[in-house]
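Read through the structure below, which is laid out as structure tokens, and then see the notes.
No lab work stands behind these numbers, since they all come straight from the coordinates. It should be emphasised that the depicted structure is a prediction, and the values quoted were computed from it without experimental measurement. Backbone-built Cβ (ideal geometry, glycine too); neighbour counts: all protein chains shown.
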Ligand code: GCV
């Protein structure tokens with residue numbers, strides 16, 4: 001939800017600092033005598049292996065490299081392997097031939113692999129973008145073989161091998177055949193052409209459209225590299241609340257420059273298409289998708305783009321949603337709009353990614369039901385190159401939501417699951433909330449659409465309905481901040497998203513551990529404590545913001561902090577009171593059969609589970625039910641008591657996180673230690689703010705005393721209601 005705000009003013013000093021650091025390169029021109037500030041290198045530091053026994057084992061396994069790179073992507077793989085392994089082993093990884101002595105790293109795509117190494121594949125086939133890394137015997141010698149069917153696979157395999165060494169995994173007996181489970185693994189940037197970022201909390205956009213195409217900021221390549229290291233293979237670089245200008249000739253040329261940089265890293269560029277572009281930049285008097293002049297305009301536009309960017313991915317479209325233009329402006333359906341664009345892109349191999357995030361101010365139906373009602377009946381009626389992009393839950397990236405009912409409900413339509421990596425609703429860039437925990441919860445939820453085991457992960461990988469085209473999109477949390485993500489731990493969200501897009505079955509625990517090892521090193525105490533802290537962090541945020549299934553209690557527009565009392569916005573569903581429905585009798589949105597019946601949009605197993613008070617998981621209680629204040633929770637507490645105690649639990653978890661962090665001071669780089677300490681202090685203060693503000697407000701309905709065990713509020717309700725944040729970051733500028 002957003003509202004048109006006044007233009008955010010940013011102090012000149014912040015701009016100056018950001019610009020000073022904005023073009024800081026990770027690789028190109030990095031000066032070894034002048035190390036980069038902490039965080040810029042992300043999880044790609046490839047620091048020397050500190051354990052001397054392990055380091056000598058690695059040195060013995062990797063005595064040289066046999067690789068004759070062909071083309072830009074293989075050159076990158078070669079550079080990564082030689083530099084990365086050289087760094088980690090504190091000695092160069094020198095080129096060799098297979099006839100020279102020693103245990104070697106042998107890396108080549110299958111078509112260039114020496115014949116005697118092919119036999120090590122056996123019957124196994126390496127899929128597109130996949131790779132095999134295997135320790136193979138060559139008489140008394142043992143080589144590490146890295147091979148792939150294509151260049152992208154070789155690059156991904158190189159990053160995997162680097163990760164194995166970086167996280168201190170053994171190479172002996174290694175045998176990993178891996179490939180991405182989904183075809184499309186994508187970032188969505190909500191970046192505007194003026195470099196502001198809608199819901200961005202880490203500075204300005206890294207994409208400087210003003211200086212493109214001539215100025216090729218080294219950061220573009222560092223960005224591509226970071227994505228490629230995770231397997232991300234697509235990016236939409238402009239906001240879904242789109243500006244038609246990006247489709248003009250000058251901007252297509254700028255986009256070409258970006259696409260050229262991304263291409264060797266296996267990344268295809270997408271742009272957001274404003275549906276009214278034929279009018280705004282094409283001189284037409286309509287954007288009606290059934291008007292032949294409009295479809296001809298889009299066909300020509302597609303041709304123009306593909307002449308500049310032959311591997312252009314396609315358009316990402318937000319239409320008839322939150323004020324964006326779309327086919328419904330002309331009485332046409334989403335299907336008609338999407339198919340018209342698909343016909344324009346189809347001849348060039350492009351896709352249309354059509355977002356299902358729609359809800360209408362004219363529609364009195366429960367907002368949680370509207371997307372399903374709109375799209376489910378259209379299944380099978382979209383062109384093959386249309387993907388429907390569906391947010392993880394039916395409302396809007398809340399700290400916890402049940403899964404979107406569209407998952408598994410459109411067997412004939414390719415689907416992309418959309419997550420938000422930027423923390424619009426999870427505390428911006430000051431709160432630590434490890435999002436892969438949220439992503440994992442969604443991915444592992446069973447839709448039951450094709451019987452038990454029909455998880456959302458199987459929607460992502462396409463296996464649920466045999467789809468070749470499917471995947472995952474994440475709204476990026478990246479900006480010009482020197483560490484890319486503002487909060488140092490925001491890097492873990494980018495990392496975890498990318499890894500899950502590659503393999504939606506990975507566990508959040510594994511991802512936390514990988515990231516900590518790659519980022520902070522392999523000190524076992526650090527790894528165990530940080531991993532534990534990260535895995536607790538998301539539930540803490542749920543508890544102190546939106547416990548027991550409450551949702552969208554955020555203050556208006558900027559979504560910074562609590563505003564459960566807001567009831568004066570023009571559209572009912574923009575008001576938090578719409579979502580919690582607190583009154584003297586209780587609290588919660590009745591979406592059971594006696595209420596909006598949103599439960600009926602799920603498969604019967606979930607509909608029954610969610611629809612009854614007795615079986616509804618308590619984490620979704622107030623999402624699906626309006627519950628009396630004195631209702632007994634499974635703990636034996638009344639709902640009112642349980643609510644207060646959940647808020648308190650969230651606060652207490654942050655107290656624990658801060659204490660754990662403080663224990664680690666001597667093991668952490670000072671600048672990160674200080675940075676995260678300050679952010680955790682803010683998080684703690686704000687967790688208390690959420691608890692006090694919400695409980696004070698809800699008490700006006702429950703009329704009950706605060707439960708024992710909950711710290712009493714610091715201020716009266718009016719104090720919290722009066723707080724204002726006119727310059728909170730991330731709001732869309734007025735002119736867009
Ligand atoms: C890009 C939410 C956000 C908007 C965002 C929208 C969307 O409503 O508040 O800023 O707009 O989602 O996903 O399109």
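Comparing Cα centroids, the range 355-386 and the range 388-406 end up 13 angstrom apart. Take the Cα of residue 253, step 7 Å toward its Cβ, do the same at residue 172, and the gap between the two points is 6.0 nm.
Comparing Cα centroids, the range 456-498 and the range 564-598 end up 31 angstrom apart. Peptides 591-597, 536-542 ranked from most to least packed give 536-542, 591-597, packing being the mean of other C-beta atoms within 10 angstrom over each peptide's residues. For the chain, averaging the sequence separation of C-alpha pairs within contact (under 8 Å, six or more residues apart) and dividing by the residue count gives a relative contact order of 13 percent.
Of all DSSP-defined beta bridges confined to the range 184-514, some 5% are antiparallel rather than parallel.
Counting each DSSP H run of 4 or more residues in the chain as -39500 (n - 2.57), what helix-only mean residue ellipticity at 222 nm follows after dividing by all residues, to the nearest 500 deg cm²/dmol?
Result for the chain: -11500 deg cm²/dmol, rounded to the nearest 500.
Between the Cα long axis of helix 52-61 and the first principal axis of the chain there is an angle of about 60°, rounded to the nearest 10.
Spatial offset of the range 252-303 relative to the range 682-714 amounts to 50 Å, using the alpha carbon center of each. The alpha carbons of the range 184-514 stretch over 53, 48, 35 Å along the principal axes, in descending order. Note the angle between two axes, namely the Cα long axis of helix 490-502 and the longest principal axis of the Cα atoms of the chain, as a number of degrees from 0 to 90, rounded to the nearest 10. So the inclination is approximately 70 degrees. Histogrammed with a bin width of 10 Å, the alpha carbon distances of the range 45-178 distribute as 13, 49, 34, 5 percent, first bin at zero. Please list log₁₀ I(q)/I(0) at q = 0.16 Å⁻¹ for the range 257-335, using the Debye equation with identical point scatterers on the alpha-carbon positions. Here log10 of I(q) over I(0) equals -0.66. Annotation: peptides 144-154, 273-283, ranked by per-residue average of other Cβ atoms within 10 Å with the highest first, follow the order 144-154, 273-283. Mean projected area of the convex hull spanned by the Cα atoms of the chain, taken over all viewing directions: 31.7 nm².
Full-extension gain between residue 293 and residue 121, please, as 0.36 nm times their residue separation minus the C-alpha to C-alpha distance.
56.5 nm
Can you give the angle from 0 to 90° between the axis of helix 639-663 and the longest principal axis of the chain, with both taken from C-alpha atoms, to the nearest 10? Helix 639-663 sits roughly 30 degrees off the main axis of the chain.
Based on DSSP, what percent of beta bridges with both residues in the chain are antiparallel, to the nearest 5? Bridges in the chain that DSSP calls antiparallel: roughly 30 percent. Taken along the Cα-to-beta-carbon direction at a fixed 7 Å, the label points for residue 613 and residue 373 span 2.6 nm. Peptide packing: for 184-191, 393-400, the average count of neighbouring Cβ atoms within 10 Å per residue gives the ranking 184-191, 393-400, highest mean first.
DSSP beta bridges fully contained in the range 45-178 are about 55 percent antiparallel.
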